[in-house]
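Contents: one structure, followed by commentary.
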Amino acid sequence: MEVIQTKAYGASASLIDSMSRLSRMDIERAAPKADEILIDVLYCGVCHSDLHQVRNDWANTVYPCIPGHEVVGKVAQVGSAVTKFKVGDTVGVGCMIDSCGQCSSCQEGEENYCEGPVSWTATYNGYMKPNGNGFNTFGGYSTNLVVKESFVLRIPDSLDIKAVAPILCAGITTYSPLRHWDVQEGDTVGIVGLGGLGHMGVQLAKAMGAQVTVITQNEDKREAALALGAHEVLIESDKKAMEAHELAFDFLLITIPDPFDITPFISLLKRNGSLVTVGLLGKYKSPLNNMELAMHRRSVAGSVIGGIAETQEVLDFCAEHSILPEVEIIAMNDINKAFSRMLDEDVRFRFVIDMQTLKDEN
């Protein structure tokens, strides 16, 4: 079987600790099958999930772990049955590279909710629900990627190829709930947290015509929030301001990636308002107070990325409305510094790796 030699950065099983370090690895990828595409990776976003996965925060990491699920590159080779793409096209790959294709979710274009026994296949770390058989996949912190045509996205020509990568995770993760809960022009929307996810949520909700408020713990983020298009900034520790905003929002999107107390945010919702948490794949810090839900018929929900069709939709939406993530370009060998800076919240708002820097390594 033909294989493709690939440079990559990842964490090995021997590095499982509170802050695993990534190092250079050489891997082999199978050549594209008839329905697959070989992608020359040009840029890869650095997601907070990458940090969680490398550290085994979710107790499901399959090592060696090569992260990266915000991938942008050029088509280098196509299989004999590929019809949608040709060599030289600019393409993207998000969090998924396969799913069962048979369940109701997959049939309805929502592969991100695949109901197969292992759910969807993640771009890295194997199945979304690892089944213990050692199956693994290696992500975009690498010089190339081989992916089924049906899980490859077309990058609109008007989007800056250096900045577009985070749309493939941060963008769709915030766009999907805004669309599903039908945010309309004039709705009052609160975006809680202004990091990689939150700064995309602000721009997308504003483009949908919503009145957007950023809710943050950090006064230093006020200027950035307003520059992104927020109409107002609410500081979470300001109790009087929080009380003044009770029953103020049609929709709240919470992008905090670590356990937090959800109850103070529920009271901000209007009657029939909805709160959706993205980015947190675990328990809240304390139980919900159902009194806050029941008295105004509020709803609390969760959401995870989006299907392939919806991911293409958000790319096209961003192109139409000139929306791009704010990114800092880094070299591949600076990834460990980038992870440390993410822990210190020292990034505005997303790191993107220039993969040429890995190709140039000996």
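The figures follow:
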read-out	value
For residue 292, net neighbour charge (Lys/Arg +1, Asp/Glu -1) across residues whose Cβ lies under 15 Å away	+1
Cβ crowding within 10 Å averaged over residues, with 197-205, 85-93 ranked highest first	197-205, 85-93
Shape category assigned to the stretch 43-150 from the gyration tensor of Cα positions, a/c cut at 1.5	oblate
Pairs beyond 25 Å (Cα-Cα), from 148/206; 7/162; 86/359; 74/129; 74/148; 129/283	148/206; 74/129
The stretch 186-234-the stretch 280-323 distance, computed between alpha-carbon centres (Å)	15
Cα shape, the stretch 172-284, gyration tensor, a/c 1.5 rule	rounded
Percent carbon-and-sulfur accessible area, the chain, ignoring ligands, DNA and RNA, probe 1.4 Å	48
Efficiency of FRET from Cβ geometry, residue 361 and residue 59, R₀ 35 Å, rounded to 0.05	0.65
Additional length obtainable on full extension of the chain from residue 107 to residue 12, 0.36 nm per residue less Cα span	30.6 nm
Among beta bridges that DSSP assigns inside the chain, antiparallel share in %, nearest 5	55
Aspartates and glutamates whose Cα lies under 18 Å from that of residue 221, excluding same-chain neighbours fewer than 8 positions away	232, 236, 238, 326, 328, 344, 345, 346
Per-pair calculated FRET efficiency, R0 = 35 Å: residue 161 and residue 28 via Cβ, rounded to 0.05	0.85
Where Rh is the Kirkwood radius over Cα pairs, Rg/Rh for the chain	0.97
Estimated inter-spin distance, residue 2 and residue 285, nm [label 7 Å along Cα→Cβ]	5.4
Segment residue 223-residue 21, length gained on full extension (0.36 nm per residue, minus Cα span)	69.4 nm
Residue-by-residue Karplus 3J(HN,Hα) for the stretch 41-46, coefficients 6.51, -1.76, 1.60, Hz, glycine and proline x	6, 9, 9, 9, x, 10
Largest-first principal axis extents of the Cα set of the stretch 234-362 (Å)	63, 33, 26
Gain on full stretching of the segment that runs from residue 135 to residue 294 - 0.36 nm per residue minus C-alpha separation	52.9 nm
Å² of accessible area per residue within the chain, as computed with a 1.4 Å probe and no ligands counted	43
Projected label distance in nm at residue 236 and residue 154, using a 7 Å step from Cα toward the beta-carbon	4.1
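The values are calculated or read from the model by the stated rules, or taken from the named source; none is laboratory data. Just so we're clear, the structure is a prediction, and the values are computed from it rather than from any experiment. Every residue, glycine among them, receives a Cβ derived from its backbone with ideal geometry; neighbour counts consider all protein chains shown. SASA here: full protein model, heavy atoms, side chains in, ligands and nucleic acids out. Shrake-Rupley method; radii C 1.70, N 1.55, O 1.52, S 1.80 Å.
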